[in-house]
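Trainee: Sharing a structure here in structure tokens format.
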Amino acid sequence: MKSEFKAAVKQVNIAASDSRRAWLEISSRASRISSNCLSAFNKNRTQADRGADRALIRASERARVSADIFFGLCQAALSQASEIQYRSELAIESMRSRSVDSDSLARITAPLDSWHACLRDEESGDCQVSGRHAPGLVPQTLRDEKKLRDSCSAKPRIVTLDACSSEPLIIALKEDHQVVCEWLAISPTHDPVFSELVRLESALYQLISVLEHEDGLREVLAAMEAINVDPAIKPFNGILDMEILRLKHYLGMEILEHDSEEE
């Protein structure tokens with residue numbers, strides 16, 4: 001019985017060590033996602049405050065809050081995994097030296113029970129059925145070092161030519177969205193940390209859509225300005241001038257004096 005107890009503590013210790021490493025990787029990636037959402041939030045603050053781009057401020061605020069919540073949950077899970085690792089190491093050392101009585105050892109190892117129950121469920125394949133959850137225990141798929149590394153790095157995306165964007169922030173957010181989708185695909189839905197990913201994925205998708213819409217409008221503006229100097233459309237210059245000014249105003253761009261004169 002004593003040898004089984006020691007084996008169980010060692011099993012928890014290995015899982016806690018792997019979880020701690022995984023949470024460090026996931027937290028680091030979550031921090032970058034949060035930073036990108038903050039960049040989008042600050043992108044057009046003055047314009048959004050003037051009401052020129054309220055959709056962006058709403059979408060970026062939602063994404064920023066979701067990313068911050070997920071990052072906070074990751075940090076809490078990292079702290080719990082670190083505590084379990086410390087307790088298991090302390091228990092192993094105590095059993096080796098016999099310096100702790102059985103009551104003290106029981107108090108040290110009490111929080112390890114839920115972890116060991118989850119690990120048994122994983123081995124038997126019943127983790128989805130039992131509904132047990134050990135706070136701080138990363139899903140088995142993410143405790144695998146290769147899978148963790150692959151899931152935390154953005155994969156090359158296949159995009160059509162018209163959907164391609166040169167805006168670095170949009171590219172970064174698309175990579176973030178892909179990482180979140182990867183985590184969703186390999187994480188159990190009952191885990192409170194990863195269940196937050198559903199909201200984060202939705203928020204990132206909406207934010208990307210708003211940014212791409214604005215990016216597309218800027219491309220339209222550039223095309224309109226390029227053809228506005230063509231002598232062949234001189235009879236329609238006045239109409240184009242008005243549309244260019246209207247689009248610049250919507251995008252919150254500075255309208256120069258010669259633009260006003262053309263109007």
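The values are calculated or read from the model by the stated rules, or taken from the named source; none is laboratory data. Because the structure is predicted, anything quoted here is derived from the model rather than measured. Backbone-built Cβ (ideal geometry, glycine too); neighbour counts: all protein chains shown.
Trainee: Inspect all residues belonging to region 15-35 and state whether any of them is hydroxyl-bearing (Ser, Thr, Tyr), modelled with pLDDT under 85, over 19 Å from ALA154 (Cα atoms) and assigned to a helix (DSSP H, G or I). Lay out the reasoning, then the answer.
Mentor: Initially, region 15-35 is screened for residues hydroxyl-bearing (Ser, Thr, Tyr), giving 17, 19, 27-28, 31, 34-35.
So of that shortlist, the ones also modelled with pLDDT under 85 come out as none.
No, region 15-35 has no match at all.
Trainee: I've got another one for you. Cβ-Cβ distance below 9 Å, separation of 6 or more or different chains: which pairs start in region 1-15 with a residue that is of a type in the set (A, V, I, L, M, F, W, C) and end on one that is not in a helix (DSSP H, G or I)?
Mentor: ALA15/ALA134; ALA15/LEU137; ALA15/VAL138
Trainee: Could you list, in sequence order, all residues of region 12-28 that are more than 17 Å from ASP121 (Cα to Cα), surrounded by fewer than 18 Cβ atoms within 10 Å (Cβ to Cβ) and over 18 Å from the mean Cα position of the chain (by Cα)?
Mentor: SER17
Trainee: Now for a separate question. Check off (1) modelled with pLDDT under 95; (2) surrounded by fewer than 17 Cβ atoms within 10 Å (Cβ to Cβ); (3) over 18 Å from the mean Cα position of the chain (by Cα) for LEU38 and give me the number that stays unchecked.
Mentor: Status for LEU38: all satisfied but (3).
Trainee: I want to confirm something. Restricting to region 41-96 and keeping residues that are modelled with pLDDT of 85 or more, of a type in the set (Gly, Ala, Ser) and surrounded by fewer than 20 Cβ atoms within 10 Å (Cβ to Cβ), which single residue is farthest from the chain's Cα centre (by Cα)?
Mentor: It comes out as SER82.
Trainee: Give the residues of region 1-30 that are among the aromatic types (Phe, Trp, Tyr) and touching a helix residue (DSSP H, G or I) at 6+ places or on another chain (Cβ under 7 Å), sorted by residue number. Reasoning before the result, please.
Mentor: Filtering region 1-30 down to residues among the aromatic types (Phe, Trp, Tyr) leaves 5, 23.
Selection gives TRP23 alone.
Trainee: Suppose we filter LEU204, LEU197, LEU173, LEU169 for residues that are within 26 Å of HIS116 (Cα to Cα) and modelled with pLDDT of 75 or more; which single one remains?
Mentor: Working: LEU204 fails: within 26 Å of HIS116 (Cα to Cα); LEU173 fails: within 26 Å of HIS116 (Cα to Cα); LEU169 fails: within 26 Å of HIS116 (Cα to Cα).
Just a single option satisfies the conditions, and that option is LEU197.
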